[in-house]
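Working notes, structure below.
The values are calculated or read from the model by the stated rules, or taken from the named source; none is laboratory data. What you see is a predicted model, and the numbers here were worked out from it, not measured in a lab. Note: ideal-geometry Cβ built from the backbone for every residue, glycine included; neighbour counts use all protein chains shown. Ligands, DNA and RNA are stripped out before the accessible areas are found, and what is left, the full protein with its side chains, is counted by its heavy atoms. Shrake-Rupley method; radii C 1.70, N 1.55, O 1.52, S 1.80 Å.
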Amino acid sequence: MMPATTPEPVSQGTRAQRWLARLSFVLAGLAIVSLVVVAGLKSVAMLALGLAAAVVTLGAAYFFLSRRGIRRWLSLAVFVVAPIAVIIVYAFRDLLWIAVLSAAVWLLASMTARLALAGNQPDWRMPERPARPPAQHPHLIMNPKSGGGKVEKFDLKRKAEELGAEVFLIGGPEPVDVAQVARAAVEAGADLLGVAGGDGTQALVAGVAAEHGIPFVVISAGTRNHFALDLGLDREDPSTCLNALSDGVELQVDLGLINGQTFVNNASFGAYAEVVETPAYRGDKLNTTLNTLPDLLQGHRGARLRAQADGTEIEAPQALLVSNNPYGTGDIAGLGRRARLDRGSLGVVGVTVASARQAAGLLRGRHATGLRVLTTKQIEISADAPQIPVGVDGESILMSTPVSCVVSPRALRVWVPRDRPGIPAPKPPKDWTRLRHLAGISKTAPATPEDGDGRHTGTARPELGDTASRSRH
């Protein structure tokens, strides 16, 4: 029999943290009390009406995406009218002002709670090392068409050559195997590789750099460049990224591997990948998406997927996102930020919405029935088809099943400019136990699933919040 354990006391936090925590509870109570005092029994009806409107709105959104014809446009009308109707009812009952006031006070309570918890965060930045020895033969690959022509706009080729780099411009009507170009450059003596282009091109060349153990430079000349964003680089002026060659520091980051191919951001399966794979998508993204989603959401198109991560199964997800390190708190779409890229884990988000009821259930966030959020080191995706489309860093690729995704910890040496915009501090997870402890309401510490250096000790496990905000050096 396991011996009984007692909760461990933790630090009381700073004085500012304690008062911010107390203030957050006071404000939360004030938001509720003010609503009850002013509205009386009507406050219960107000809350019920607001919740009902939210449920109806999400259900209407699901029907809009999953149906065609008149039902789609009726759903759109409900989606628009439901919240407006709530505002009108509140206004006619002279309750709109107290609803707005209560919501504002509740928002302020949430902000003070975040500030209280943020003060307890360990250093969330990736450790930096000196970028040395200096590269003697840097080789940069540039895509002039990427990002609307940023290579030419910012005169990247000339500026790179002035710093001693050899530049290969992707051009001509025939497709270019950038990985082969990178390998040829290494064989010719290149001791640093870099890419001015999109995330897909970055990933291919990054894999070659990691394979040979040489540094890699990211130049944010693509359209979105999420990898550059999470490295803290300047996406507005990609020429500043070249400073990594003359005054840089080194970050050691993880790489994702999908069936042996490198990815730096994420791999998406299901609805998103099926839509992107449609030939008409690039010419008309909106209409192609709206025309394709009904068949996907109703199961009339696309393979039936099944994912397994160290014993944890996700059955028939309609959309599945596997990311190189998990995204921040509350981000289930892969549109947010990753504060660290060196935690040695994959983020996994699976979404199954087969009805309006399940769509409304997404109001529960990470606790929703149709939502699975995990971190793992490896995941295998199988399907009832020999091949499935996969969106790898935004590019659709047909892959043979089963598809395996693994993480390669700290496989890539990335050189970034010493002086760069950086990334904002991640929002701390909503830890009510910790907040109560800071406020003096609770005397025990919350349980933690991490080991001493802040990394996850297990394999697949439910996310408890933004692990970036809890990582330690």
ask   = Counting only the backbone N, which residues of the stretch 33-60 are under 20 Å from the spot 7 Å out from the Cα of D94 toward its beta-carbon?
value = 34-47
inquiry  = If I stretch the segment between L169 and S246 completely, what's the gain in nm (0.36 nm per residue apart, minus their alpha carbon distance), one decimal?
reply    = 25.6 nm
ask   = Can you give the accessible area of E211, probe radius 1.4 Å, in Å² rounded to 10?
value = 120 Å²
note = So D310 and R132, fully extended at 0.36 nm per residue minus their Cα-Cα distance, gain in nm 60.2 nm
key: Candidate residues E250, E161: accessible-area rank, largest first, probe 1.4 Å   = E161, E250
ask   = Could the peptides 104-111, 137-144, 24-31 be put in order, highest first, of the mean number of other beta-carbon atoms found within 10 Å of their residues?
value = 137-144, 24-31, 104-111
query = FRET efficiency for V176 and I32, Cβ-Cβ distance as r, R0 = 51 Å, nearest 0.05?
reply = 0.25
ask   = Full extension from N259 to S400: what is 0.36 nm times the residue separation minus their Cα-Cα distance, to one decimal in nm?
value = 49.9 nm
key: Accessible-area order (highest first, 1.4 angstrom probe) of the listed residues R183, R413, R340   = R183, R413, R340
Virtual spin-label span in nm between Q387 and A16, 7 Å along Cα→Cβ = 5.8 nm
